[in-house]
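The values are calculated or read from the model by the stated rules, or taken from the named source; none is laboratory data. Everything quoted here is computed from the prediction, not taken from an experiment. Please note: Cβ atoms are built from the backbone with ideal geometry, for glycine as well, and neighbour counts cover all protein chains shown.
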Amino acid sequence: MIQPLVLVLKRSRQWLFSAEAVWFPFLLVFLFFAQASIEFNDRIGLDDWRSDLRADAGGYYIYLPGTFHHGMRASAVSDSTVWKGGNGFQVDREKDRIITKYTYGTALLQLPFYLFAEAVEGFGATDGWSRSHHRAIEVAGIFYWSAGLLLFLLAMRRWWPCTPGVALVTLAAVAFGTNSFYYAFRNPGYSHVYSFFLVALALYALYVDRGGSMRNRSLWLFQASCALILVVRPIDGLAVAALYALLSIERPEVFLAWRTHLVQVVIALVFALPQLIYWKYVHGAWLVYSYGEERFTNLATPLFDLVLLSPLNGLLPHAPAFFLLGPALIFLFTQRWRVALVFLIMFTLLIYSFAAWHAWHFGCGYGMRPAIEYTPFLGMTIWTLLDGLRRRSPALYHGLVPLLVIICFVNYRAMLQYGGCYVGEQWEWTPYARNILEAFFGKITL
């Protein structure tokens, strides 16, 4: 009687972690939040500064209407269009060029959704900034966020098998215990949710064949993901370096093969070519540092305290799941020290880069938004920590899980409530506290 029950439970667990079983819940998640995002953002006017295709988002997005509607010519762009983009891009009337400092990778991933909006509105019937186009990008943000979570789950079930409970809590920590949801739901025009998806895709390609030899298609998918990560945000070469470090640990024979790196260079050049052509067209040079005077001016005096703890835009107040990074790395060191070392170096350099940037807060936003693409790595450490606690300290595990779920829910509500920008000083906690309280109790005065 016991053996058949054990067999049924074992098969149920295998089914719960199979791709066939998990895609449907994630489809429901995608549909629910896509509709919710459209309804939420429809309440914000297209000319409102909180609109989701303004400022940086407009700078990434301009490649699409700029190419399909304006031929990247300034003469085809009105001042009102520049205003719609929140001055996220500029126009050079003298040289007749549309200029954006951002790379085109985000627009490339948005392209299928943009084309759908064009089909709805009629190809060329609008200037590319209609409500339909906004809705398309809102759906795109939720799609890549949901797909990234699914790919992360499918990768982790091969890398470190565990119970469905551990998997679900870890997914909640990545999805809502960090600020990734905010940049899928509220600011889908920014690059970070797309980079999040690409990192998860690379991890999936790396681990999907675990237990056997790495298939060529998995390696090509891994390399394409790494190339696109660079095209979306070149500074995320740090994430690519971490991914290749994991490849050297998991597949040393693949990592040491010269053909692997040659193919990676070729794929990277293919994806980079449109960007090089654009820079040549706009600036007259193939390689350009397009951020001008924006640099790492605090290299000698990094602002670690603000980056980590400030209520204005600090990492831990807005992505509380990162509180688990330290203990999770310690546990991972006892199990797979080389992976833990990779993550320790990567997160150290990442936080240092934030603290050294000329504007540590990265402008208006919810937390350290450039950390979003690194949350799949954080999820790997939390996954191992929770599974280790479940095995070794069940009481501690069952005490931590409800607390973590509550924190994720509070952060989720805070992201929905957040108005887009804190008005206050770097260490002023009142706006932060008001945002959390109003998320549950409505308008209050502090």
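Take the conditions (1) in a helix (DSSP H, G or I); (2) surrounded by 15 or more Cβ atoms within 10 Å (Cβ to Cβ); (3) small (Gly, Ala, Ser); residue 367 misses just one of them, which is (1). Does residue 269 qualify as being over 18 Å from residue 236 (Cβ atoms) and at pLDDT 95 or above? No: the conditions fail for residue 269.
Taking the range 306-356 as the region of interest, the helices (runs of 4 or more DSSP H) fully inside it that hold 3 or more residues being small (Gly, Ala, Ser) and either modelled with pLDDT of 95 or more or closer than 18 Å to residue 433 by Cβ (or both) are 337-356.
The set of residues in the range 47-103 that are part of a loop (DSSP other than H, G, I, E, B) and touching a Phe, Trp or Tyr at 6+ places or on another chain (Cβ under 6 Å) comprises 53, 62, 100, 101, 102.
Just to be sure before I move on: is residue 442 at positive phi and at pLDDT below 95 in the structure I sent? For residue 442, the condition - at positive phi and at pLDDT below 95 - is met. The lone criterion from (1) touching a residue at least 24 places away in the same chain (Cβ under 8 Å); (2) out of contact with any helix residue (DSSP H, G or I) (no Cβ under 6 Å at 6 or more places or on another chain); (3) at negative phi left unmet by residue 398 is number (1). Among the residues of the range 75-98, the ones that are over 25 Å from residue 45 (Cα atoms) and either aliphatic (A, V, I, L, M) or out of contact with any Lys or Arg (no Cβ under 9 Å at 6 or more places or on another chain) (or both) come to 4 in all.
Regarding residue 128, is this residue surrounded by 16 or more Cβ atoms within 10 Å (Cβ to Cβ), touching a His at 6+ places or on another chain (Cβ under 6 Å) and not polar (S, T, N, Q)?
Working: surrounded by 16 or more Cβ atoms within 10 Å (Cβ to Cβ): yes; touching a His at 6+ places or on another chain (Cβ under 6 Å): yes; not polar (S, T, N, Q): yes.
Spelling it out, residue 128 is indeed surrounded by 16 or more Cβ atoms within 10 Å (Cβ to Cβ), touching a His at 6+ places or on another chain (Cβ under 6 Å) and not polar (S, T, N, Q).
Among the conditions (1) more than 20 Å from residue 352 (Cα to Cα); (2) of a type in the set (S, T, N, Q); (3) in a loop (DSSP other than H, G, I, E, B); (4) out of contact with any His (no Cβ under 9 Å at 6 or more places or on another chain), residue 301 misses just one, which is (1). Within the range 370-420, if we keep just the residues that are over 18 Å from the mean Cα position of the chain (by Cα) and not in a helix (DSSP H, G or I), the residue that is farthest from residue 192 (Cα to Cα) turns out to be 393. Residues of the range 317-333 that are farther than 20 Å from residue 233 by Cβ and in contact (Cβ under 8 Å) with a residue 24 or more places away in the chain: 317, 320, 321, 324, 325, 327, 328, 329, 331, 332. Looking only at the range 236-293, filter to residues that are acidic (Asp, Glu) and assigned to a helix (DSSP H, G or I); which one of those is nearest to residue 346 (Cα to Cα)? Looking at the filtered set, the residue picked out is 236. Tallying residues that are in contact with a strand residue (DSSP E or B) (Cβ under 9 Å, 6 or more places away or on another chain) and either loosely packed, with under 11 Cβ neighbours inside 10 Å or closer than 17 Å to residue 73 by Cβ (or both) within the range 269-293 yields 3. Filter the range 95-108 down to residues that are buried (at least 21 other Cβ atoms within 10 Å of the Cβ) and not aromatic (Phe, Trp, Tyr) and give me whichever is farthest from residue 229 (Cα to Cα). Here the answer is 98.
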